[in-house]
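The values are calculated or read from the model by the stated rules, or taken from the named source; none is laboratory data. Because the structure is a prediction, the values reported are computed rather than measured. Note that we place each Cβ from the backbone using ideal geometry, even for glycine, and neighbour counts take in every protein chain shown.
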Amino acid sequence: MFKKFKEKLSGRVFLALALSSISALALITVFIIIKGAPIIAEVGVIKFIFGMEWAPGRGEFGIFPMVIGSLTVTVGAAILGVPVGICCAVFLAEFAPSVMSNIFRPAIQLLAGIPSVVYGFWGLLFVVPAVRNYLGGPGLSILTGSVILGIMILPTVISITEVSILALPKQYKEGALALGLTHWQTIYAVMLPAAKSGIVAAVILGIGRAIGETMAVIMVLGNAVAVPESILDPVRTLTTNIGIEMGYASGEHQQALFATGIVLFIAIMLLNSFAQYITRRR
């Protein structure tokens, strides 16, 4: 009797903990919508998202330049970080000796624990001067932000991709080698396609990490509210706009920043949902 009561109590406790997590998400969602929805309704969804002017003092709340800034920096981070991450995962899963992999894995996981402000400080001291001296421009640019974010998404891409490769049945590799394929041909033609769902999920989660980053990109992007013409131009992302202006915003200005949070929230939720769909499908 006591054992059954104990099991029921444990189940209720875990249920309460699970509901508390969901409740926190629901409260955050409701709070952001209540704060941001009025300005979207007043300005209009199309004008708010595709408007070119962000001038809260004049009542102009167009976030399109910052949408473009977020997209360009995120795409740049994916272009720089995803191939490196996948190659590192393949090396750790298939080529690295156990001694080396035991060193590399904790080092890669350590990258995820470094505060984002440290990445931004490093980029400000080293990447920004390098871009300015060798490529031109102010140095605070899309390229600089892409490099920093590309490094920051590496732990996500590497870890999930490596797990996806290691989770494949051994028969895949053994069968391919038995048919005469080389080790590299086996990886390229058999293992990577078989682990595609996990790799896609890793890429999407890495992109979600890049979209949501704030502090590091505040320090290296230049924060210019304008549509960029090249990767050497400064931009402002949606997250940096919120981080910079929330401290002194009030009234409609504050509502517009919460509305920007709604756009970010929806984008990240869609990315995470798509990643889960891809993972579960396979």
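Worth pointing out:
- Candidates His253, His183, filtered to the one that is in contact with an Asp or Glu (Cβ under 8 Å, 6 or more places away or on another chain) and under 27 Å from Val30 (Cα atoms): His253
- Unmet criterion (only one of (1) out of contact with any Phe, Trp or Tyr (no Cβ under 8 Å at 6 or more places or on another chain); (2) surrounded by 12 or more Cβ atoms within 10 Å (Cβ to Cβ)) for Ile63: (1)
- Selection within the stretch 235-282 - part of a loop (DSSP other than H, G, I, E, B) and under 16 Å from Val67 (Cβ atoms): Arg236, Thr237
- Helices (runs of 4 or more DSSP H) completely within the stretch 73-176 that count 2 or more residues being among the small types (Gly, Ala, Ser) and closer than 16 Å to Leu205 by Cβ: 154-166
- Meets criteria (modelled with pLDDT under 85, over 16 Å from Val217 (Cβ atoms) and surrounded by 12 or more Cβ atoms within 10 Å (Cβ to Cβ)) for Ala112: yes
- Qualifying residue in the stretch 202-214 (condition: touching a helix residue (DSSP H, G or I) at 6+ places or on another chain (Cβ under 8 Å), farther than 27 Å from Ile49 by Cα and either touching a residue at least 24 places away in the same chain (Cβ under 8 Å) or surrounded by 16 or more Cβ atoms within 10 Å (Cβ to Cβ) (or both)): yes
Each row is one residue, and each column tells you yes or no for (1) surrounded by fewer than 16 Cβ atoms within 10 Å (Cβ to Cβ); (2) in contact (Cβ under 8 Å) with a residue 24 or more places away in the chain.
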position: Ile153; (1), (2): no, yes
position: Ile165; (1), (2): no, yes
position: Lys170; (1), (2): yes, no
position: Lys173; (1), (2): no, no
position: Val190; (1), (2): no, no
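This table checks each residue for (1) surrounded by fewer than 14 Cβ atoms within 10 Å (Cβ to Cβ); (2) of a type in the set (S, T, N, Q).
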position: Gly222; (1), (2): no, no
position: Val227; (1), (2): no, no
position: Arg236; (1), (2): no, no
position: Ile244; (1), (2): no, no
position: Gln255; (1), (2): no, yes
position: Ile262; (1), (2): no, no
position: Ile266; (1), (2): yes, no
position: Met269; (1), (2): yes, no
position: Arg280; (1), (2): yes, no
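- Any hit, the stretch 168-189, residues being of a type in the set (Lys, Arg) and over 22 Å from the mean Cα position of the chain (by Cα): yes
Each row is one residue, and each column tells you yes or no for (1) aliphatic (A, V, I, L, M); (2) modelled with pLDDT of 90 or more; (3) touching a Ser or Thr at 6+ places or on another chain (Cβ under 8 Å).
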{"residue": "Ser10", "(1), (2), (3)": "no, no, no"}
{"residue": "Ala16", "(1), (2), (3)": "yes, no, no"}
{"residue": "Leu27", "(1), (2), (3)": "yes, no, no"}
{"residue": "Glu60", "(1), (2), (3)": "no, no, no"}
{"residue": "Leu71", "(1), (2), (3)": "yes, yes, no"}
{"residue": "Gly76", "(1), (2), (3)": "no, yes, yes"}
{"residue": "Cys88", "(1), (2), (3)": "no, yes, no"}
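- Residues (under 28 Å from Ile148 (Cβ atoms), in a helix (DSSP H, G or I) and in contact with a helix residue (DSSP H, G or I) (Cβ under 9 Å, 6 or more places away or on another chain)) located in the stretch 57-70: Phe64, Met66, Val67, Gly69, Ser70
- Hey, Thr182 among the hydroxyl-bearing types (Ser, Thr, Tyr) and either modelled with pLDDT of 90 or more or surrounded by 18 or more Cβ atoms within 10 Å (Cβ to Cβ) (or both) or not: no
- The stretch 72-100 - residue that is free of Cβ contacts under 8 Å to residues at least 60 places away in the same chain and surrounded by 15 or more Cβ atoms within 10 Å (Cβ to Cβ) and, of those, farthest from the chain's Cα centre (by Cα): Ala96
- In the stretch 243-282, the residues that are touching a Ser or Thr at 6+ places or on another chain (Cβ under 6 Å) and either aliphatic (A, V, I, L, M) or closer than 17 Å to Phe50 by Cα (or both): Ile278
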